[in-house]
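**Student:** The structure that follows is given in the form of structure tokens.
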Amino acid sequence: MANETLSTLLKQYEQKKSRAEIAADERKMDLYKKVPELQGIEDKINSVSISVTKHILTSPENNAGDTLKNFNHTMDALKAQKEQIFKKFDIPADYLEPHYECPICKDTGFIKRADYTSEMCNCLKQKLLNISFNKSNMSALSKENFNNFNANFFSDQADPAKYRFNISPRENIMNIKNRCLEFIENFDDPSAKNLLFTGNTGLR
């Protein structure tokens, strides 16, 4: 069941990632139509990057330093032109970037470590925790707790013949409540005794 849950979540992550990237491509195409010169700059950036890569791979190593220096100078100039256009048209700096739901893992569910291994992102951990929490019915704790406890639902009349106790159901339930609170307050105490609830389903 856990593997099925994780598999389902990862499919959802893949869909979210894809939607974010498709939306970014659509924004880019729309912006290029409105600002053609921006596409020209992006094309130059891509062209320069490809040319430099080819040059470094096919040229002697002693020329690599100069090539990278010229490349960085050209790229800085192109990026400066791009920034000017963004400012001119009041375009957010991240407008062309995918807007992922989780910028940390970029909607993959995992984060790459420095040693090239990966770990589960907190966003995915939280989703798994939420699913487990809901399945355990613990989500009802927001309203079903001692703060909302109402002893008036229980009779204050003792009936030994019916309940086999010389105290009323209300007094009995208050004793149980106080014992539960005592257990909670001393939960970290290894000498504290556990609680055991018995009885048929639906009894109170």
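The values are calculated or read from the model by the stated rules, or taken from the named source; none is laboratory data. Predicted model, so just to flag it, every value in this text is computed and none were measured. Here the Cβ positions follow ideal geometry from the backbone for every residue, glycine too, while neighbour counts run over all protein chains shown. When the accessible area is computed, the model is the full protein with side chains, heavy atoms only, and any ligands, DNA or RNA have been set aside. Shrake-Rupley method; radii C 1.70, N 1.55, O 1.52, S 1.80 Å.
**Student:** Can you tell me how many residues within region 87-115 are under 26 Å from Ala2 (Cβ atoms) and part of a loop (DSSP other than H, G, I, E, B)?
**Tutor:** Step one: filter region 87-115 for residues under 26 Å from Ala2 (Cβ atoms), giving 100-102, 104-113.
Right, trim to part of a loop (DSSP other than H, G, I, E, B) and you get 100-102, 104-109, 113.
The number of residues fulfilling the criteria is 10.
**Student:** May I ask you to list the residues in region 158-180 that are assigned to a helix (DSSP H, G or I), touching a helix residue (DSSP H, G or I) at 6+ places or on another chain (Cβ under 7 Å), at pLDDT below 90 and of a type in the set (A, V, I, L, M, F, W, C)?
**Tutor:** Across region 158-180, there are no qualifying residues.
**Student:** Run Asp107 past the list (1) without any contact (Cβ under 8 Å) to a residue 12 or more places away in the chain; (2) open to solvent by less than 100 Å² (accessible area, probe 1.4 Å); (3) closer than 25 Å to Asp30 by Cβ and report the number of the one that doesn't hold.
**Tutor:** Checking Asp107 against (1) without any contact (Cβ under 8 Å) to a residue 12 or more places away in the chain; (2) open to solvent by less than 100 Å² (accessible area, probe 1.4 Å); (3) closer than 25 Å to Asp30 by Cβ, the one that fails is (1).
**Student:** Now for a separate question. Quick one: is Lys79 without any contact (Cβ under 8 Å) to a residue 12 or more places away in the chain and among the basic types (Lys, Arg)?
**Tutor:** Against the criterion (without any contact (Cβ under 8 Å) to a residue 12 or more places away in the chain and among the basic types (Lys, Arg)), Lys79 does not qualify.
**Student:** Looking only at region 175-190, count every residue that is open to solvent by 60 Å² or more (accessible area, probe 1.4 Å), closer than 20 Å to Asn150 by Cα and of a type outside the set (Lys, Arg) and tell me the total.
**Tutor:** 5
**Student:** Looking at Ile22, Ile85 in this structure, which one is surrounded by 12 or more Cβ atoms within 10 Å (Cβ to Cβ) and either in contact (Cβ under 8 Å) with a residue 12 or more places away in the chain or out of contact with any Lys or Arg (no Cβ under 9 Å at 6 or more places or on another chain) (or both)?
**Tutor:** Values: Ile22 fails: surrounded by 12 or more Cβ atoms within 10 Å (Cβ to Cβ).
Only one candidate qualifies: Ile85.
**Student:** Given (1) assigned to a loop (DSSP other than H, G, I, E, B); (2) of a type outside the set (S, T, N, Q); (3) open to solvent by less than 40 Å² (accessible area, probe 1.4 Å), where does Ile41 come up short, assuming only one miss?
**Tutor:** Condition (1) is where Ile41 drops out.
**Student:** How about region 142-182: which of its residues are closer than 17 Å to Phe197 by Cβ and acidic (Asp, Glu)?
**Tutor:** Glu144, Glu182, listed by residue number.
**Student:** Among the residues of region 92-101, is there at least one that is within 19 Å of Thr8 (Cα to Cα), modelled with pLDDT of 95 or more and crowded, with 16+ Cβ neighbours inside 10 Å? Quick ask: steps written out before the conclusion?
**Tutor:** First pass over region 92-101, keeping only residues within 19 Å of Thr8 (Cα to Cα): 100-101.
Filter again for modelled with pLDDT of 95 or more, leaving 100-101.
If we keep only those that are crowded, with 16+ Cβ neighbours inside 10 Å as well, we get 100.
Yes, region 92-101 contains at least one residue that is within 19 Å of Thr8 (Cα to Cα), modelled with pLDDT of 95 or more and crowded, with 16+ Cβ neighbours inside 10 Å.
**Student:** Let me ask something else. Testing Glu101 on (1) over 30 Å from Ile22 (Cα atoms); (2) touching an Asp or Glu at 6+ places or on another chain (Cβ under 6 Å), one condition comes back false. Which one is that?
**Tutor:** Among (1) over 30 Å from Ile22 (Cα atoms); (2) touching an Asp or Glu at 6+ places or on another chain (Cβ under 6 Å), Glu101 violates only (1).
Per-residue answers, yes or no, for (1) modelled with pLDDT under 90; (2) part of a helix (DSSP H, G or I); (3) over 30 Å from Glu171 (Cα atoms):
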| position | (1), (2), (3) |
| --- | --- |
| Leu124 | no, yes, yes |
| Lys127 | no, yes, yes |
| Asn130 | yes, yes, yes |
| Asn134 | yes, yes, yes |
| Ser139 | yes, yes, no |
| Asn147 | yes, yes, no |
| Asp156 | no, no, no |
